[in-house]
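**Student:** Can you keep this structure in mind? I'll have questions shortly.
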Amino acid sequence: METGLLQTTLCYIERGGAYLMLHRVKKENDVNRDKWIGIGGKFLPGEDARACVVREALEETGLTLTAPRYRGIVDFFCPPWPAERMHLFSCAEGGYTGDATRLPDCREGVLEWVPVAEVPGLPLWQGDRIFLKLLADGAPFFRLALTYDGDTLVRAVLDGVDMALGI
């Protein structure tokens, strides 16, 4: 799957009305520094999106995803960072194995179960608010393109249609 974009995954794992969130506070020179995001990372050679999200979830959380749901594709453009194609997943309670109450220390940040209703109040990328709402609304598979100038979202295109940015 060669697109010229950095290929990544992101997953929102659910438990008891909460998402497992990663507060990115440990890595230097991190585009996500101080933001809260889901679980995921970069494809390894030969991986597809599902294999990547399963591996990343296990590495970061100790949980084995058995039923991740592929929800959408999100392309990010945020110079000077490389363009990125993120494959977005969610995983409902019961769709993973492992001890969700005893999470390992993650090298990229702090893992925390955050009630879904509280997630929008966290320091998030503006575009994350768009796809988190799509997830919450049970939207069918979607394609979203997000363009940033620094930390500011300047354009969002959902399924080929420009969106108003009154987020």
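**Student:** Give the residue, chosen from A139, A92, A83, A100, that is in contact with a Phe, Trp or Tyr (Cβ under 6 Å, 6 or more places away or on another chain), in contact (Cβ under 8 Å) with a residue 24 or more places away in the chain and surrounded by fewer than 19 Cβ atoms within 10 Å (Cβ to Cβ).
**Tutor:** Numbers: A139 fails: in contact with a Phe, Trp or Tyr (Cβ under 6 Å, 6 or more places away or on another chain); A92 fails: in contact with a Phe, Trp or Tyr (Cβ under 6 Å, 6 or more places away or on another chain); A100 fails: in contact with a Phe, Trp or Tyr (Cβ under 6 Å, 6 or more places away or on another chain).
Going through A139, A92, A83, A100 in turn, just one is in contact with a Phe, Trp or Tyr (Cβ under 6 Å, 6 or more places away or on another chain), in contact (Cβ under 8 Å) with a residue 24 or more places away in the chain and surrounded by fewer than 19 Cβ atoms within 10 Å (Cβ to Cβ): A83.
**Student:** Turning to a different aspect of this structure: On the basis of being over 16 Å from the mean Cα position of the chain (by Cα), among the hydrophobic types (A, V, I, L, M, F, W, C) and within 16 Å of R85 (Cα to Cα), does L158 make the cut? Steps first, please.
**Tutor:** On the way: over 16 Å from the mean Cα position of the chain (by Cα): yes; among the hydrophobic types (A, V, I, L, M, F, W, C): yes; within 16 Å of R85 (Cα to Cα): yes.
When the stated conditions are applied, L158 passes them.
**Student:** Next question. What is the number of the single condition among (1) aliphatic (A, V, I, L, M); (2) farther than 13 Å from I37 by Cα; (3) touching a residue at least 12 places away in the same chain (Cβ under 8 Å) that A164 does not meet?
**Tutor:** If we test A164 against (1) aliphatic (A, V, I, L, M); (2) farther than 13 Å from I37 by Cα; (3) touching a residue at least 12 places away in the same chain (Cβ under 8 Å), just (3) comes out false.
**Student:** For A57, are the conditions met, namely being touching a residue at least 40 places away in the same chain (Cβ under 8 Å) and either in contact with a Pro (Cβ under 9 Å, 6 or more places away or on another chain) or among the basic types (K, R) (or both)?
**Tutor:** On the way: touching a residue at least 40 places away in the same chain (Cβ under 8 Å): yes; either in contact with a Pro (Cβ under 9 Å, 6 or more places away or on another chain) or among the basic types (K, R) (or both): yes.
Yes; evaluated as a whole, the condition is true for this residue.
**Student:** OK, next. Looking at the range 116-135, is at least one residue touching a helix residue (DSSP H, G or I) at 6+ places or on another chain (Cβ under 9 Å) and more than 18 Å from W36 (Cα to Cα)?
**Tutor:** No, that holds for no residue.
**Student:** Conditions first: (1) in contact with a Cys (Cβ under 8 Å, 6 or more places away or on another chain); (2) closer than 22 Å to G127 by Cα; (3) not aliphatic (A, V, I, L, M). R71 passes all but one, so which condition is the exception?
**Tutor:** (1)
**Student:** So, of the residues in the range 116-167 that are in contact with a Ser or Thr (Cβ under 9 Å, 6 or more places away or on another chain) and of a type in the set (V, I, T), which turns out to be nearest to L10 (Cα to Cα)?
**Tutor:** Only one residue fits best here, namely V157.
**Student:** Another one. Identify the residue in the range 39-72 that is buried (at least 18 other Cβ atoms within 10 Å of the Cβ) and of a type in the set (A, V, I, L, M) and, among all such residues, is farthest from Q7 (Cα to Cα).
**Tutor:** Going through the qualifying residues, I end up with L63.
**Student:** Failed condition for V25, given (1) of a type in the set (A, V, I, L, M); (2) at pLDDT 95 or above; (3) part of a loop (DSSP other than H, G, I, E, B), with all others met?
**Tutor:** V25 satisfies all of (1) of a type in the set (A, V, I, L, M); (2) at pLDDT 95 or above; (3) part of a loop (DSSP other than H, G, I, E, B) except (2).
**Student:** One residue is enough: does the range 87-103 have a residue meeting the conditions of a type in the set (A, V, I, L, M, F, W, C), within 16 Å of L22 (Cα to Cα) and over 15 Å from the mean Cα position of the chain (by Cα)?
**Tutor:** Filtering the range 87-103 for residues of a type in the set (A, V, I, L, M, F, W, C) gives 88-89, 91-92, 100, 103.
Those still in the list that are within 16 Å of L22 (Cα to Cα) too: 88-89, 91, 100, 103.
With the extra rule that they be over 15 Å from the mean Cα position of the chain (by Cα), the set shrinks to 100, 103.
Scanning the range 87-103, I find at least one residue that is of a type in the set (A, V, I, L, M, F, W, C), within 16 Å of L22 (Cα to Cα) and over 15 Å from the mean Cα position of the chain (by Cα), so the answer is yes.
The values are calculated or read from the model by the stated rules, or taken from the named source; none is laboratory data. Everything numeric in this text was worked out from a predicted model, so none of it was measured. Cβ atoms come from the backbone with ideal geometry, glycine included; neighbour counts cover every protein chain shown.
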